[in-house]
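The values are calculated or read from the model by the stated rules, or taken from the named source; none is laboratory data. Everything numeric in this text was worked out from a predicted model, so none of it was measured. Here the Cβ positions follow ideal geometry from the backbone for every residue, glycine too, while neighbour counts run over all protein chains shown. These area figures cover heavy atoms from the full protein model, side chains too; ligands, DNA and RNA do not enter into them. Shrake-Rupley method; radii C 1.70, N 1.55, O 1.52, S 1.80 Å.
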Amino acid sequence: MTLSREILATYRGPGAVVRRLLRQGPREDRALMFVMAACGLFFVAQMPQLARQAHLAGTELNPMLGASLLAWLVIAPLLFYVLAFLSHLAARLFGGKGSGYGARLALFWALLAATPLVLLNGLVAGLVGTGPQLTIVGLLWFAVFLWFWLGGLVASQKAAAE
(Lines give C-alpha, C1' and ligand atoms only; values in the text may rest on other atoms or scores of the structure.)
Protein backbone atom coordinates (compact mmCIF):
# COMPACT_ATOMS: atom_id res chain seq x y z
CA MET A 1 0.00 0.00 0.00
CA THR A 2 1.01 3.59 -0.38
CA LEU A 3 1.93 5.59 2.68
CA SER A 4 -1.29 7.60 2.69
CA ARG A 5 -3.41 4.42 2.41
CA GLU A 6 -1.47 2.84 5.26
CA ILE A 7 -2.13 5.92 7.40
CA LEU A 8 -5.86 5.71 6.62
CA ALA A 9 -5.82 1.97 7.38
CA THR A 10 -4.21 2.74 10.75
CA TYR A 11 -7.31 4.67 11.77
CA ARG A 12 -9.31 1.45 11.22
CA GLY A 13 -6.85 -0.87 12.99
CA PRO A 14 -3.29 0.06 13.96
CA GLY A 15 -2.28 -3.50 14.83
CA ALA A 16 -2.99 -4.83 11.36
CA VAL A 17 -0.87 -2.14 9.72
CA VAL A 18 2.09 -2.74 12.05
CA ARG A 19 1.85 -6.51 11.45
CA ARG A 20 1.83 -5.86 7.70
CA LEU A 21 4.91 -3.63 8.01
CA LEU A 22 6.68 -6.22 10.18
CA ARG A 23 6.04 -8.94 7.59
CA GLN A 24 8.12 -6.93 5.13
CA GLY A 25 11.16 -7.69 7.27
CA PRO A 26 13.33 -5.54 9.52
CA ARG A 27 14.24 -2.40 7.58
CA GLU A 28 15.93 0.24 9.71
CA ASP A 29 15.92 2.63 6.76
CA ARG A 30 12.12 2.47 6.71
CA ALA A 31 11.88 3.04 10.48
CA LEU A 32 14.25 6.01 10.22
CA MET A 33 12.23 7.42 7.34
CA PHE A 34 9.02 7.13 9.40
CA VAL A 35 10.44 8.99 12.39
CA MET A 36 12.13 11.67 10.27
CA ALA A 37 8.98 12.24 8.20
CA ALA A 38 6.91 12.47 11.39
CA CYS A 39 9.36 14.93 12.94
CA GLY A 40 9.41 16.98 9.74
CA LEU A 41 5.62 17.21 9.81
CA PHE A 42 5.69 18.09 13.51
CA PHE A 43 7.99 20.98 12.58
CA VAL A 44 5.62 22.10 9.83
CA ALA A 45 2.71 21.87 12.28
CA GLN A 46 4.46 24.29 14.63
CA MET A 47 4.93 26.99 12.02
CA PRO A 48 1.51 28.67 12.42
CA GLN A 49 1.87 28.82 16.19
CA LEU A 50 5.41 30.21 15.94
CA ALA A 51 4.27 32.81 13.41
CA ARG A 52 1.46 33.84 15.77
CA GLN A 53 3.84 34.10 18.72
CA ALA A 54 6.36 36.14 16.73
CA HIS A 55 3.66 38.49 15.47
CA LEU A 56 2.08 39.03 18.89
CA ALA A 57 5.46 39.52 20.59
CA GLY A 58 6.87 41.66 17.78
CA THR A 59 9.94 39.44 17.48
CA GLU A 60 11.74 37.89 14.54
CA LEU A 61 10.29 34.58 13.27
CA ASN A 62 13.45 33.07 11.76
CA PRO A 63 15.32 32.33 15.02
CA MET A 64 12.21 30.65 16.39
CA LEU A 65 11.91 28.53 13.25
CA GLY A 66 15.60 27.62 13.41
CA ALA A 67 15.33 26.48 17.01
CA SER A 68 12.22 24.47 16.22
CA LEU A 69 13.90 22.88 13.20
CA LEU A 70 16.89 21.84 15.29
CA ALA A 71 14.65 20.46 18.01
CA TRP A 72 12.41 18.45 15.69
CA LEU A 73 14.90 17.15 13.13
CA VAL A 74 17.95 16.51 15.34
CA ILE A 75 16.99 16.15 18.99
CA ALA A 76 13.46 14.66 18.82
CA PRO A 77 14.40 11.62 16.67
CA LEU A 78 17.09 10.70 19.19
CA LEU A 79 14.60 11.01 22.05
CA PHE A 80 12.11 8.86 20.15
CA TYR A 81 14.76 6.16 19.74
CA VAL A 82 15.30 6.23 23.51
CA LEU A 83 11.54 6.09 24.12
CA ALA A 84 11.23 3.11 21.76
CA PHE A 85 14.02 1.32 23.63
CA LEU A 86 12.29 1.97 26.95
CA SER A 87 8.98 0.69 25.56
CA HIS A 88 10.79 -2.44 24.35
CA LEU A 89 12.17 -2.99 27.85
CA ALA A 90 8.72 -2.43 29.38
CA ALA A 91 7.19 -4.92 26.96
CA ARG A 92 9.86 -7.46 27.94
CA LEU A 93 9.01 -6.94 31.62
CA PHE A 94 5.39 -7.84 30.84
CA GLY A 95 6.38 -10.97 28.93
CA GLY A 96 6.60 -9.58 25.41
CA LYS A 97 8.65 -11.52 22.87
CA GLY A 98 9.01 -8.75 20.31
CA SER A 99 12.19 -7.23 18.97
CA GLY A 100 13.61 -3.77 19.43
CA TYR A 101 12.85 -3.14 15.78
CA GLY A 102 9.18 -3.96 16.40
CA ALA A 103 9.04 -1.48 19.27
CA ARG A 104 10.71 1.20 17.14
CA LEU A 105 8.39 0.54 14.23
CA ALA A 106 5.29 0.71 16.44
CA LEU A 107 6.32 4.06 17.94
CA PHE A 108 7.59 5.64 14.74
CA TRP A 109 4.56 4.50 12.75
CA ALA A 110 2.19 5.82 15.45
CA LEU A 111 3.92 9.21 15.27
CA LEU A 112 3.67 9.34 11.49
CA ALA A 113 0.09 8.05 11.31
CA ALA A 114 -1.10 10.62 13.86
CA THR A 115 0.43 13.59 12.01
CA PRO A 116 -2.86 14.67 10.36
CA LEU A 117 -4.11 15.49 13.84
CA VAL A 118 -0.80 17.17 14.69
CA LEU A 119 -1.22 19.39 11.64
CA LEU A 120 -4.76 20.21 12.74
CA ASN A 121 -3.45 21.01 16.22
CA GLY A 122 -0.88 23.35 14.68
CA LEU A 123 -3.55 25.15 12.67
CA VAL A 124 -5.75 25.58 15.73
CA ALA A 125 -2.77 26.87 17.74
CA GLY A 126 -1.89 29.34 14.99
CA LEU A 127 -5.34 30.57 14.09
CA VAL A 128 -7.24 30.36 17.38
CA GLY A 129 -4.47 30.33 20.00
CA THR A 130 -4.71 28.83 23.43
CA GLY A 131 -8.14 27.87 24.67
CA PRO A 132 -10.54 24.97 24.92
CA GLN A 133 -10.40 24.28 21.17
CA LEU A 134 -6.64 23.74 21.28
CA THR A 135 -6.97 21.57 24.39
CA ILE A 136 -9.63 19.38 22.76
CA VAL A 137 -7.64 18.91 19.56
CA GLY A 138 -4.47 18.22 21.56
CA LEU A 139 -6.21 15.62 23.71
CA LEU A 140 -7.70 14.02 20.61
CA TRP A 141 -4.26 13.81 19.00
CA PHE A 142 -2.72 12.33 22.13
CA ALA A 143 -5.48 9.74 22.54
CA VAL A 144 -5.21 8.67 18.90
CA PHE A 145 -1.41 8.53 19.13
CA LEU A 146 -1.59 6.32 22.25
CA TRP A 147 -4.12 4.05 20.55
CA PHE A 148 -1.85 3.69 17.50
CA TRP A 149 1.29 3.17 19.58
CA LEU A 150 -0.10 0.68 22.06
CA GLY A 151 -2.02 -1.19 19.36
CA GLY A 152 1.11 -1.40 17.24
CA LEU A 153 3.29 -2.41 20.19
CA VAL A 154 0.90 -5.22 21.17
CA ALA A 155 0.78 -6.37 17.54
CA SER A 156 4.57 -6.37 17.30
CA GLN A 157 4.82 -8.46 20.47
CA LYS A 158 2.21 -10.96 19.25
CA ALA A 159 3.76 -11.16 15.77
CA ALA A 160 7.10 -12.15 17.30
CA ALA A 161 5.47 -14.85 19.44
CA GLU A 162 3.86 -16.51 16.40
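Residues of segment 81-123 being assigned to a helix (DSSP H, G or I), of a type outside the set (Ser, Thr, Tyr), touching a residue at least 12 places away in the same chain (Cβ under 8 Å) and open to solvent by 40 Å² or more (accessible area, probe 1.4 Å), which ones?
Of everything in segment 81-123, those that are assigned to a helix (DSSP H, G or I), of a type outside the set (Ser, Thr, Tyr), touching a residue at least 12 places away in the same chain (Cβ under 8 Å) and open to solvent by 40 Å² or more (accessible area, probe 1.4 Å) turn out to be LEU83, PHE85, ARG104, PRO116, LEU119, LEU120, ASN121, LEU123.
Of PRO48, PRO14, which residue is open to solvent by less than 80 Å² (accessible area, probe 1.4 Å) and under 14 Å from the mean Cα position of the chain (by Cα)?
Result: PRO14 is the single residue among PRO48, PRO14 that is open to solvent by less than 80 Å² (accessible area, probe 1.4 Å) and under 14 Å from the mean Cα position of the chain (by Cα).
Please go through segment 25-45 and pick out each residue that is charged (D, E, K, R) and either open to solvent by less than 40 Å² (accessible area, probe 1.4 Å) or part of a helix (DSSP H, G or I) (or both).
Selection gives GLU28, ASP29, ARG30.
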